[in-house]
Amino acid sequence: MSLSVYDETNIFARIIRGEIPCNKVDECDHTLTFHDISPRAPIHVLVIPKGPYVSLEHFADAASAEEQIAYFAAISRVAKMLNVSEDGYRLTSNTGHNGFQEVFHLHVHLMAGEHLGPVRLPKQS
Ligand code: 5GP
């Protein structure tokens, strides 16, 4: 999978187009935030740009300044909205094969609601 060639059939593109539902947390002209379908923390949401970007690098190279500002503003707004700023949270953006990216539309996982432990978990055999 190339990290700059966007596949319009990916699941998040379908959510943005309204073809499949999501449990929405926040939306603006350039971003959408919704609950992860299989949460790995008490709070686990995905913040995505509405534009067709595969990864953070693709987004940084190809998105407009307005889209980039809106994306980081959305992450901050959602953290405040979910009331996790004080206790803290984790942002993760899995990228490519080694990053175990499963959906090739840029997304940041925002996880919170408990002490999340170290970033790297033991490898599953
Ligand atoms: P990745 O591994 O690409 O960083 O994460 C993709 C995330 O998307 C996973 O945490 C997975 O649970 C979530 N996901 C996959 N399909 C759907 C879906 O149809 N709806 C929602 N809300 N989340 C999804």
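Are any of the residues in region 69-82 touching a residue at least 12 places away in the same chain (Cβ under 8 Å) and in a loop (DSSP other than H, G, I, E, B)?
Among the residues of region 69-82, at least one is touching a residue at least 12 places away in the same chain (Cβ under 8 Å) and in a loop (DSSP other than H, G, I, E, B), which makes the answer yes.
What tally of residues in region 51-68 results from selecting those that are in a loop (DSSP other than H, G, I, E, B) and closer than 18 Å to residue 92 by Cα?
3
Residue 113 is checked against (1) more than 15 Å from the ligand (Cβ to nearest atom); (2) without any contact (Cβ under 8 Å) to a residue 60 or more places away in the chain and fails just one. What number does that condition carry?
The one condition residue 113 does not meet is (2).
Working only within region 1-59, note down all residues that are modelled with pLDDT under 95 and among the hydroxyl-bearing types (Ser, Thr, Tyr).
2, 4 - these are the residues of region 1-59 that are modelled with pLDDT under 95 and among the hydroxyl-bearing types (Ser, Thr, Tyr).
Out of region 1-49, which residues are surrounded by fewer than 19 Cβ atoms within 10 Å (Cβ to Cβ), within 12 Å of the ligand (Cβ to nearest atom) and part of a loop (DSSP other than H, G, I, E, B)?
Hits for region 1-49 are 1, 10, 19, 20, 21, 23, 36, 37, 38, 39, 40, 41.
Which condition from (1) hydroxyl-bearing (Ser, Thr, Tyr); (2) surrounded by fewer than 18 Cβ atoms within 10 Å (Cβ to Cβ); (3) part of a strand (DSSP E or B) is the one that residue 85 breaks?
With respect to (1) hydroxyl-bearing (Ser, Thr, Tyr); (2) surrounded by fewer than 18 Cβ atoms within 10 Å (Cβ to Cβ); (3) part of a strand (DSSP E or B), residue 85 is out only on (3).
Would you please list the contacts, defined by Cβ atoms under 7 Å and residues six or more apart or on different chains, that run from a residue in region 44-59 that is at positive phi to a residue that is within 14 Å of the ligand (Cβ to nearest atom)?
Filtered contacts from region 44-59: no entries.
Taking the residues in region 90-107 that are more than 15 Å from residue 7 (Cα to Cα) and of a type outside the set (Val, Ile, Thr) as candidates, determine which candidate is nearest to the ligand (Cβ to nearest atom).
Among them, the one singled out is 94.
The values are calculated or read from the model by the stated rules, or taken from the named source; none is laboratory data. Here the structure is a predicted model, which means the values were calculated and not measured. All Cβ positions, glycine included, derive from the backbone under ideal geometry; neighbour counts span all protein chains shown.
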